[in-house]
C-alpha cells in the first residue's frame, strides 16, 4: 500500500529546502499521484500559503506523445509562488529551475466544469503574457508521468504581465522568449492545444473532478507554448506576446 503522507512529506521537504530527491520507487496510480499532490499542498497551506489558481501541463500534442499519455496534468498555484513582473527570483530557492512562455487567464466568474469554450471565454476577466518557473524536485530532472503529478506538476513560480481584454482572439499569437537579450524560444499560442482556451476548458473539467472547481479571481496558467529553458544566476528573462505585451524577471543568487 502506498504511503501517501510519507511521499507528500518527502516532496514537500525537497521543495521547502530546495534539495533534490531520488525519483519515486513506489509505483503510483494516477489517483495516488494526485492524492500525494493534494497532501503535499495541504502542508504548504498549513504554513500560510493560499491557493490562487492552477497550472496546466502537457498541453501540447508533442509533449503528450513524448510522455506516452493522452491526458493533460494540472497542479496548484499559491500566493507563495507569485513573482511580480520585473522582480527578481532567488536561484537558491530552487533545485534546477527552468522557464517556459505561457498565457495566463483571470476569472471574473466561477467556472465549474465541464464547460464549452464559449462559456469559458465568457467567464474571463483578463488574459496576459506569463512566464512559468518550473522546478522538478527529482534528481537530474528525471521523472515519470505520475512522479511529476505527485510533485505538483513541477509548479514553482509564475510571473504575470499586464492583463488585457479577454475578448480578443488569442488562438495564434506570436511569442518570443529572450534570455539576456538573445532569442531562446520562438513560438505561437496555437501550440497550446491549438487555442489556449481549450486548456482553460480542460482546467475547469479537471479541477471540478477533483472537488476544487475554478472560482472567480483564480489565475489559470494555460501551459507551455514552447520547450522550457534552464535558468542560471544573473539571467534576465523577457517574454513578448503579440497583442498582449511583455513580462519579465531576473535571476539573483
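The values are calculated or read from the model by the stated rules, or taken from the named source; none is laboratory data. Quick caveat: nothing in here was measured; it's all calculated off a predicted structure. Cβ: placed from backbone, ideal geometry, glycine included. Neighbour counts: every protein chain shown.
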**Fill in**
When the range 39-51 is checked residue by residue, the ones that are under 17 Å from the mean Cα position of the chain (by Cα) and either surrounded by fewer than 17 Cβ atoms within 10 Å (Cβ to Cβ) or modelled with pLDDT under 95 (or both) are 49, 50, 51
**Prompt:** Does residue 85 meet the test of being surrounded by 13 or more Cβ atoms within 10 Å (Cβ to Cβ) and out of contact with any strand residue (DSSP E or B) (no Cβ under 6 Å at 6 or more places or on another chain)?
**Reply:** no
**Fill in**
Here the residues within the range 87-134 that are under 18 Å from residue 193 (Cα atoms) and part of a strand (DSSP E or B) are 100, 101, 102, 103, 104, 105, 127, 128, 129, 130, 131, 132
**Prompt:** Quick one: how many residues across the range 54-86 are modelled with pLDDT of 95 or more and assigned to a loop (DSSP other than H, G, I, E, B)?
**Reply:** 3
**Prompt:** Taking the range 169-183 as the search range and keeping residues that are within 20 Å of the chain's Cα centre (by Cα) and under 14 Å from residue 249 (Cβ atoms), which one is surrounded by the most Cβ atoms within 10 Å (Cβ to Cβ)?
**Reply:** 177
**Single match in 180, 169, 218 (criterion: under 16 Å from residue 128 (Cα atoms) and without any contact (Cβ under 8 Å) to a residue 60 or more places away in the chain)** = 169
**Request:** Evaluate the range 205-215: report whether one residue or more is in contact with a strand residue (DSSP E or B) (Cβ under 8 Å, 6 or more places away or on another chain), at pLDDT 95 or above, surrounded by fewer than 22 Cβ atoms within 10 Å (Cβ to Cβ) and in a strand (DSSP E or B).
**Result:** no
**Asked** Can you name the condition, by its number, that residue 5 falls short on among (1) modelled with pLDDT of 95 or more; (2) within 24 Å of residue 219 (Cα to Cα)?
**Response** (2)
**Prompt:** Which condition number in (1) in contact with a strand residue (DSSP E or B) (Cβ under 8 Å, 6 or more places away or on another chain); (2) surrounded by fewer than 17 Cβ atoms within 10 Å (Cβ to Cβ) is the one that residue 166 fails?
**Reply:** (2)
**Item:** Residue within the range 230-240 that is in contact with a helix residue (DSSP H, G or I) (Cβ under 9 Å, 6 or more places away or on another chain), buried (at least 16 other Cβ atoms within 10 Å of the Cβ) and within 28 Å of residue 122 (Cβ to Cβ) present
**Value:** no
**Prompt:** Which condition does residue 227 not pass, out of (1) under 22 Å from residue 79 (Cα atoms); (2) modelled with pLDDT under 95; (3) part of a loop (DSSP other than H, G, I, E, B), if it passes all the others?
**Reply:** (1)
